[in-house]
Amino acid sequence: MFSPLDAKAFLEVSNEFYDFSVQGCSVSRTFFYPLLILIFYGTMGAYGLWILQLFFWIVSVNLLYLSIEKTTHNKTLSFIGSTLIVLNFSFMSLTMVALTEVSVIFLLSLLIYFLAFNVSKWNTLRSFHVYLLITILLAVIKPLFLLPLIFLLFFIMPVFYLKKYLKSPKNIFILILILIPLLFQLTLMKVKYDRFSFNNKGHDTFKYYFFSQGIQQINNISLTEAREEAQKFSKQETISYMFRNLPTYTIIYFQNLKNNINSASLSNQMFDNSGNSFFSRYMLIMNKIYSLLHLIFLLPVLIGVIYTFRKKEWNYFILFAVLSSLTYYIFFATAISFWQGDRLVIPALPLFIFLYIVISKYFFEKIRSCRKRTMAI
């Protein structure tokens with residue numbers, strides 16, 4: 001359960017959770033997942049945490065089934081979608097490891113479910129509050145989702161919902177309640193480290209992985225030496241160095257992106273040191289198939305977003321725009337890291353399964369409708 005280094009860090013944060021005088025891994029780990037460890041591992045041991053994550057796994061599968069059925073009205077497609085997520089052994093094996101990915105997939109499946117069942121009510125404050133709460137929980141579990149949260153708070157909310165808050169001030173109180181997990185994380189950083197920030201995870205990952213990779217290749221030194229050098233750079237020097245070596249960093253970025261999507265399962269590797277078991281080979285093949293699907297669906301997704309916007313088919317536009325944005329955001333944001341297997345991109349699993357199935361059904365219906373009109377003429 002705690003064999004990966006990141007899992008050990010989450011356990012350390014859970015141990016220092018109530019002691020604000022103790023500084024450690026909480027500088028780069030948000031509080032919510034360590035809180036789950038504190039509650040379930042602290043009371044029931046490893047089995048307690050595994051049962052929680054198994055519950056998340058089961059619910060995620062069922063939420064995806066119900067979401068596809070609601071959107072496509074097709075039980076066969078729903079069965080295909082839920083079967084695809086069940087057959088991802090990386091997701092299954094991660095239930096036995098104290099990492100955030102299972103809980104993130106659960107929350108994203110929940111987001112897909114609420115979008116599918118309430119997409120026509122997207123402009124209501126109730127819907128916005130649900131989406132905001134899920135995004136906040138995602139951010140305080142995995143800092144990767146801080147940027148989508150900032151987009152919701154500082155663009156979507158002022159543009160589409162500010163007037164609704166002004167008309168009904170009681171909803172401001174509900175908003176404050178929803179913001180409590182975010183405010184707690186900011187307070188935690190201020191009290192423990194005297195800095196008003198979310199956490200250091202993004203900065204540390206960027207310096208320790210992506211920026212160090214460039215230094216390693218440019219100076220032909222070991223990664224360990226490159227990481228030591230990277231720590232000497234200030235923020236301004238880091239930006240300047242990258243711009244001077246932009247071609248190298250561009251190549252590294254897209255290599256990381258390709259490798260992360262195509263890589264074998266990290267969780268399976270932990271249970272199979274040889275990397276040659278059936279499960280490891282199976283997930284390596286599956287991830288290469290996923291990679292091919294991402295290339296195949298890139299153009300249809302782009303066309304789908306533009307077409308539904310131009311035709312003012314707002315329900316489909318919101319589904320396609322939101323889920324494709326989150327999918328590609330996860331892919332492109334995780335390219336600043338490496339050596340993590342498919343763990344980096346696996347949170348996008350329910351997003352692209354739902355998106356690809358729904359957009360295929362959408363275009364199939366459009367093509368069939370055009371053929372019927374042509375035959376009628």
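Here are the numbers for the structure shown:
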{"read-out": "Failed item in (1) over 16 Å from the mean Cα position of the chain (by Cα); (2) at pLDDT 90 or above; (3) surrounded by 22 or more Cβ atoms within 10 Å (Cβ to Cβ); (4) not polar (S, T, N, Q), with residue 351 passing the rest", "value": "(1)"}
{"read-out": "Residue match in segment 74-82 (condition: surrounded by fewer than 16 Cβ atoms within 10 Å (Cβ to Cβ), at pLDDT 90 or above and not in a helix (DSSP H, G or I))", "value": "yes"}
{"read-out": "Residue count, segment 224-241 (criterion: farther than 12 Å from residue 206 by Cα and under 28 Å from the mean Cα position of the chain (by Cα))", "value": "0"}
{"read-out": "Test: residue 1 is part of a loop (DSSP other than H, G, I, E, B), surrounded by fewer than 23 Cβ atoms within 10 Å (Cβ to Cβ) and over 19 Å from the mean Cα position of the chain (by Cα)", "value": "yes"}
{"read-out": "Candidates 53, 23, filtered to the one that is outside any helix (DSSP H, G or I) and among the polar types (S, T, N, Q)", "value": "23"}
{"read-out": "Candidate set from segment 172-223 (those that are within 21 Å of the chain's Cα centre (by Cα) and small (Gly, Ala, Ser)); member that is surrounded by the most Cβ atoms within 10 Å (Cβ to Cβ)", "value": "202"}
{"read-out": "Residue identified as touching a residue at least 40 places away in the same chain (Cβ under 8 Å) and touching an Asp or Glu at 6+ places or on another chain (Cβ under 8 Å) among 279, 297", "value": "279"}
{"read-out": "Output for segment 26-50, where each listed residue is in a helix (DSSP H, G or I) and within 24 Å of residue 194 (Cα to Cα)", "value": "26, 27, 32, 33, 34, 35"}
{"read-out": "Residue that is basic (Lys, Arg), touching a Leu at 6+ places or on another chain (Cβ under 6 Å) and at negative phi, where the choices are 192, 201, 164", "value": "164"}
{"read-out": "Segment 178-194 residues that are free of Cβ contacts under 8 Å to residues at least 60 places away in the same chain, paired with ones that are surrounded by fewer than 18 Cβ atoms within 10 Å (Cβ to Cβ) and not in a helix (DSSP H, G or I) (beta carbon under 7 Å, 6 or more apart)", "value": "186/196; 190/196"}
{"read-out": "Close pairs from segment 210-238: first more than 23 Å from residue 332 (Cα to Cα), partner part of a loop (DSSP other than H, G, I, E, B) and among the hydrophobic types (A, V, I, L, M, F, W, C), Cβ under 8 Å, at least 6 apart", "value": "229/221"}
{"read-out": "Qualifying residue in segment 100-119 (condition: more than 18 Å from the chain's Cα centre (by Cα) and surrounded by fewer than 16 Cβ atoms within 10 Å (Cβ to Cβ))", "value": "yes"}
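The values are calculated or read from the model by the stated rules, or taken from the named source; none is laboratory data. On a predicted model such as this, the values are computed, not experimentally measured, just so you know. Counting neighbours? That spans all protein chains shown, and the Cβs are built from the backbone with ideal geometry, glycine included.
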